[in-house]
1. Once fully extended, how much extra length lies between residue 152 and residue 73, figured as 0.36 nm per residue of separation less the alpha-carbon to alpha-carbon distance?
2. What is the fewest-to-most order of 159, 95 by other Cβ atoms lying within 10 Å of their Cβ?
3. Could you list 135, 28 in order of exposure, starting from the residue whose Cβ has the fewest other Cβ atoms within 10 Å?
4. Quick check on the exposure proxy: order 39, 105 from fewest to most C-beta atoms within 10 angstrom.
5. Suppose R0 equals 22 Å. What FRET efficiency, 1/(1 + (r/R0)^6) with r the Cβ-Cβ distance, do residue 132 and residue 172 give to the nearest 0.05?
6. Of the peptides 123-134, 249-260, how do they stack up when ordered by the mean number of other Cβ atoms within 10 Å, highest first?
Amino acid sequence: MTYQESIGSAGTARALPRVRTIGPRDLIDALAKGFADFWAMPTHVIFLSLIYPVIGLVIAGAAFGANLLPLVYPFAAGFALVGPFAAIGLYELSRRRELGQEADWSHVFDLLQADSFRAILALGLTLLALFALWIWAAQAIYVAQFGYADPQSLDHFLREVLTTPAGHRMILIGNGVGFLFALVAFALSVVAFPLLIDRNVGATAAALTSVKAVLRNPVTMALWGLIVAAALLIGSLPFFVGLAIVVPVLGHATWHLYRKVVVADLPPREVHPVAPKGRRYAADFPAVLFPVSDKHTQA
């Protein structure tokens, strides 16, 4: 598959899969199945998802250490923008479990060999660009209200934000702009990454299908967005530790949401088996680093 085919083509819109109408009961069922996946694969999922609270702590620590207090909340809120991309490994685990295949965490790396990997990367970079743009916008909103002076302390910053007209304006404007960023990211990606993992489709078609699913189910998808936002908020307290559970459950549930809303019209993803590696011995080092040596050994 060429790079252009993996991103999209002029005929993408005509090749979009169909989407179904779903209701709140489908969301409850998707969450229940997501929790069942988490319960069935706790070791693998926790291994993959521990990176999220670690990243959260690093971001918060860096922000405090670099006197970037105004960006702590935007960083935490902006995590939801890239969350669908960060959870691709969880979708793959749910896909494999649904098919009755081995659901070991190491199979997540099989996605690197998938024909849709470039499309996954392209859509992921789009979300990362939205995240960067959101952080820039949040900084601009803060500067517009308080200027370029750094907060003197955490207490001083909180008082400025919570008790002054400028702080109230920043909260109102910031949350309004953040909502728009979240709406765009949500519409583009709510089912796009599971679709890319499951079917042979380009990034453009996956994003358009995601938007199509949102437009077909505006109320239900809005409710799903609220559930995700509330769960991430709860998981972020205290110190993002709860994300180690919230993120995998939501990730698995998103896979089952995709299966409910998107009709499997397109061909399934082609699986490229990874050639098993031969046994290596310590005495062969450093000869094993060179392919020529392997050929002589096999001969």
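1. Result for the pair: 26.7 nm of gain on full extension.
2. 159, 95
3. So the ranking, lowest neighbour count to highest, is 28, 135.
4. 39, 105
5. 0.45
6. 249-260, 123-134
Every number here is computed from the coordinates shown, using simple stated rules; none is lab data. Treat the numbers as computed from the prediction; the structure is a model and nothing was measured. Positions of Cβ are backbone-derived with ideal geometry, glycine not excepted, and every protein chain shown enters the neighbour counts.
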